[in-house]
1. Confirm whether A146 is in contact with a strand residue (DSSP E or B) (Cβ under 8 Å, 6 or more places away or on another chain) and modelled with pLDDT under 95.
2. With (1) under 11 Å from the mean Cα position of the chain (by Cα); (2) over 19 Å from G3 (Cβ atoms); (3) modelled with pLDDT under 95 as the list, and A89 as the residue in question, which single condition is left unmet?
3. Only residues that are closer than 18 Å to S66 by Cα and free of Cβ contacts under 8 Å to residues at least 40 places away in the same chain: list them for region 115-135, please.
4. Within the bounds of region 117-137, is there any residue that is at pLDDT below 95, basic (K, R), part of a helix (DSSP H, G or I) and outside the structural domain of K173 (by TED's automatic domain parsing)?
5. Determine which member of the set T77, T57, T53, T65 is touching a residue at least 24 places away in the same chain (Cβ under 8 Å) and not in a helix (DSSP H, G or I).
6. What is the number of the single condition among (1) farther than 24 Å from L49 by Cβ; (2) modelled with pLDDT under 70 that V153 does not meet?
7. Modelled with pLDDT of 95 or more and in a helix (DSSP H, G or I): is that true of V95 in this structure?
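The values are calculated or read from the model by the stated rules, or taken from the named source; none is laboratory data. In this text the structure is predicted, and so the values were computed from the model without any measurement. Every residue, glycine among them, receives a Cβ derived from its backbone with ideal geometry; neighbour counts consider all protein chains shown.
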Amino acid sequence: MLGVRPVFWVTDSTYLWVILATVGVSLVGFHYIHRLSRGFLPIADAFGLALFTVIGTHKALLLGTSGVVAVLMGMMTGVAGGMIRDVLAQRVPMVLREEIYATAAMAGGIVYVALQALDAPLTFAIAASLSVTLGLRLAAIHWHLALPVFAWVTVPPKYQDANAPLSTPQKAKERVRMIRRERTRR
């Protein structure tokens with residue numbers, strides 16, 4: 001997206017070997033996935049989100065982009081893998097639901113860019129960004145935190161206007177309302 005030519009995996013075949021090894025492990029381990037707890041995959045996804053957010057933000061800053069572009073590139077890099085996974089699994093991507101997902105990636109990217117602007121050591125900036133992204137995502141998973149959802153709703157008229165003739169029906173009004181998520185207890 002940032003015009004880097006040639007693409008990194010074309011010049012360094014290590015990436016392709018890692019992908020092939022991961023596919024091989026996945027094919028062998030596919031039959032054992034049902035033995036994993038239901039909480040393992042979202043936690044593993046949170047680690048991937050944090051890691052790829054930092055990688056994308058770092059790469060964008062190395063290419064000389066502004067801080068805002070670097071944060072957005074980091075967020076897109078972190079979120080894209082989860083979106084592809086969910087689409088291939090025929091599920092609605094987490095980023096399109098009310099989950100705190102892209103927000104966590106954006107917060108981690110902002111921390112990384114801010115620390116780099118303050119000339120903080122690289123390892124500290126990476127660790128802080130990973131911690132913020134991972135902490136927000138894991139907190140959202142553990143406590144079922146979500147962002148508010150806004151939607152157009154049709155609000156029926158509350159009462160018939162006393163001055164209006166009976167033959168004139170009252171119109172329903174369309175409004176933007178916040179949809180509250182129903183809380184479930186564990």
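1. Details: in contact with a strand residue (DSSP E or B) (Cβ under 8 Å, 6 or more places away or on another chain): yes; modelled with pLDDT under 95: yes.
For A146, the condition - in contact with a strand residue (DSSP E or B) (Cβ under 8 Å, 6 or more places away or on another chain) and modelled with pLDDT under 95 - is met.
2. (1)
3. L115, L118, D119, A120, L122, A125
4. We begin by selecting, within region 117-137, every residue at pLDDT below 95; these are none.
No, there is no match, as no residue in region 117-137 is at pLDDT below 95, basic (K, R), part of a helix (DSSP H, G or I) and outside the structural domain of K173 (by TED's automatic domain parsing).
5. Working: T77 fails: not in a helix (DSSP H, G or I); T57 fails: not in a helix (DSSP H, G or I); T53 fails: not in a helix (DSSP H, G or I).
Criteria check complete, one pass: T65.
6. (2)
7. Taking the combined requirement at face value, the residue does not satisfy it.
Rundown of residues vs (1) surrounded by fewer than 18 Cβ atoms within 10 Å (Cβ to Cβ); (2) within 19 Å of the chain's Cα centre (by Cα); (3) not assigned by TED's automatic domain parsing to the domain that holds A102, yes/no style:
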| position | (1), (2), (3) |
| --- | --- |
| T22 | yes, no, yes |
| A46 | no, yes, no |
| L61 | no, no, no |
| V68 | yes, yes, no |
